[in-house]
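Remarks on the structure that follows.
Please treat every number below as a calculation from the coordinates, not as lab data. Because the structure is predicted, anything quoted here is derived from the model rather than measured. Neighbour counts run over all protein chains shown; Cβ positions are idealised from the backbone, glycine included.
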């Protein structure tokens, strides 16, 4: 596991986020070190998506500090953050259904991307995408579309990969497959921030976790410790 002695790759400090005049996130603090897999868990409506949309520049009405690789990025445009190495896998997938799989993947690449190497990496992780590379993306199953969405983000060779609820709507079999692919990314040294309602899978996979409820971080710590926390067990694990 990465050392805590180095400056975090991503640091969020005192973040407050507003929708119109309504505050939805209060004084949020979290950090992600290089090479870590960190999860942000919590129920629907807790503010998880709002938090990461603010990190990647999609929410402008916010105060506090967000630093990425030592640079303050709060308020930057999403395309600038993409160029700096931030990649988001959105919850709604947002693929282009009438374009082939391979063209959907290419849309995730940066101008300086080695397309051949990037595609080889994605196809190694998700072989079904290579089998279906000429198939229209809209004809893929839900699980295959999720793999496509993750693969598209990986085409940019991101420094930090943020995933918003990647298991949503998937069968237990496909959930397991998606999480195994994320574990492989972790073994490859890719830094991951995972938003997830499937708490058991998230805590089993990640190094550390944060619990967000009603717009506030209420617990944080090593994933194994959170797995045995009485509140987490009662509220999320059914114990």
At R0 = 30 Å, FRET efficiency that the Cβ-Cβ distance of residue 120 and residue 60 yields, to 0.05:
0.20
Everything considered on the Cα gyration tensor (a ≥ b ≥ c; rounded for a/c under 1.5, else prolate if a/b is larger than b/c, else oblate), the stretch 18-76 must be described as oblate
Give me the Kirkwood hydrodynamic radius of the stretch 100-239 in Å, from all C-alpha pairs, to one decimal place?
16.2 Å
Evaluate E = 1/(1 + (r/R0)^6) for residue 77 and residue 99, where r is the Cβ-Cβ distance and R0 equals 25 Å; express this FRET efficiency to the nearest 0.05.
0.50
How many nm is it between the label spots at residue 69 and residue 44, if each spot is 7 Å from the Cα in line with the beta carbon?
3.7 nm
Residues in the stretch 104-135 near a label at residue 180, defined as backbone nitrogen under 19 Å from the 7 Å Cα→Cβ point?
121-132
Highest to lowest packing among 76-86, 149-159, scored as the average C-beta count within 10 Å:
149-159, 76-86
Taking the Cα centre of each part, how many Å lie between the stretch 111-161 and the stretch 80-98?
12 Å
Given the peptides 142-148, 27-33, arrange them by the average over their residues of other C-beta atoms within 10 Å, most packed first.
142-148, 27-33
Roughly how large, in nm² to one decimal, is the mean projection of the convex hull of the alpha-carbon atoms in the stretch 164-207?
2.9 nm²
